[in-house]
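Inspection log for the structure reproduced underneath, given as structure tokens.
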Amino acid sequence: MIDKIKAYGFQALALALLVLSAYLGFRLYDARLDAEKARGTLSVEKASRAQENTERMRVALDDARATFRRNEIHARNQQEIADAHAKQERARAAALAAAAADGQRLRDQIREFAAACGGGEAQSVAAAIIDCRDRAATLGELYDEADRQAEEFAGAAEKHADEIRTLKRVVGNDRALTE
């Protein structure tokens, strides 16, 4: 009978091991399914993160390109403003140099005219009248020339206004960069 009990005991043990093995097999299968689901979810999450990172990088690159374009336009505008101002300065400097030379010539002419006036020589009345008329005409021409030069020097005052306008353009261009 002990043999039968042993046999039934082994059968019961074998059956218990079979049930345990089946239970553990189902648990292992369930764990593998969970692992596969987790891998799939992880893969989807990684792809989602990669796509988000790619989108962030694209936005950052677009922003960097836009900033570069704005800076490039700003630099080009600043250069155009500087070139226009330099051109105005060269023209103004040439005009001022010419006006200074004209002024010096006018001073020399007036000095010569004043030196030749009334040399103490005896003249006839007619010659003196003609000489006075010629001197008056010459003085009129010299005063016209002085008036023209005064207008040219008034143009030098425009230099200041041009510089202010140029600086306003520079400031406006800088403000456009920050908008």
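The values are calculated or read from the model by the stated rules, or taken from the named source; none is laboratory data. Small disclaimer: the values here were computed from a predicted structure and weren't measured. Reconstructed Cβ throughout: ideal geometry from the backbone, glycine too, with neighbour counts over all protein chains shown. Protein only, heavy atoms only, side chains kept; ligands, DNA and RNA dropped before computing areas. Shrake-Rupley method; radii C 1.70, N 1.55, O 1.52, S 1.80 Å.
Take every Cα pair under 8 Å whose residues are at least 6 apart in sequence, average their separation, divide by the length of the chain, and the relative contact order is 39 percent.
Axis angle, to the nearest 10 degrees, between helix 125-178 and the longest C-alpha principal axis of the chain: 10 degrees. Heavy-atom accessible surface of the chain, averaged per residue, reaches 80 Å², computed with a 1.4 Å probe.
Solvent-accessible area assigned to carbon and sulfur over the chain amounts to 62 percent, based on a 1.4 Å probe. If you take every residue apart from Leu28 with its C-beta less than 13 Å away from the C-beta of Leu28, what net charge results, scoring Lys and Arg +1 and Asp and Glu -1? Value of the local net charge: -1.
Would you mind telling me which residue in Phe153, Phe26, Phe68 has the biggest mean-square fluctuation in a Gaussian network model of the chain, where springs connect alpha carbons within a distance under 10 angstrom? Result: Phe26 has the largest fluctuation of those listed.
Ordering Cys132, Gln104, Val44 by Cα displacement along the dipole of the chain toward the positive end leaves Val44 in first place; charges were set at the Cβ atoms of Lys, Arg (+1) and Asp, Glu (-1).
Note on the chain: GNM, Cα springs under 10 Å; of Arg148, Arg69, Arg39, the largest mean-square fluctuation is that of Arg39. The accessible-area ordering, largest first, of the residues Met57, Met1 stands as Met1, Met57, per a 1.4 angstrom probe. Computed from label points 7 Å out along Cα-Cβ, the spacing between Arg175 and Val19 is 8.9 nm.
When both region 127-178 and region 11-44 are represented by their alpha-carbon centers, they are found 102 Å apart. Values of log10 I(q)/I(0) for the chain across q = 0.18 Å⁻¹ run -1.17, by the Debye formula with one identical scatterer at each alpha carbon and no solvent. Comparing Gly155, Gly25, Gly103 in a Gaussian network model of the chain, where Cα atoms under 10 Å apart are tied by springs, the biggest mean-square fluctuation is seen for Gly25.
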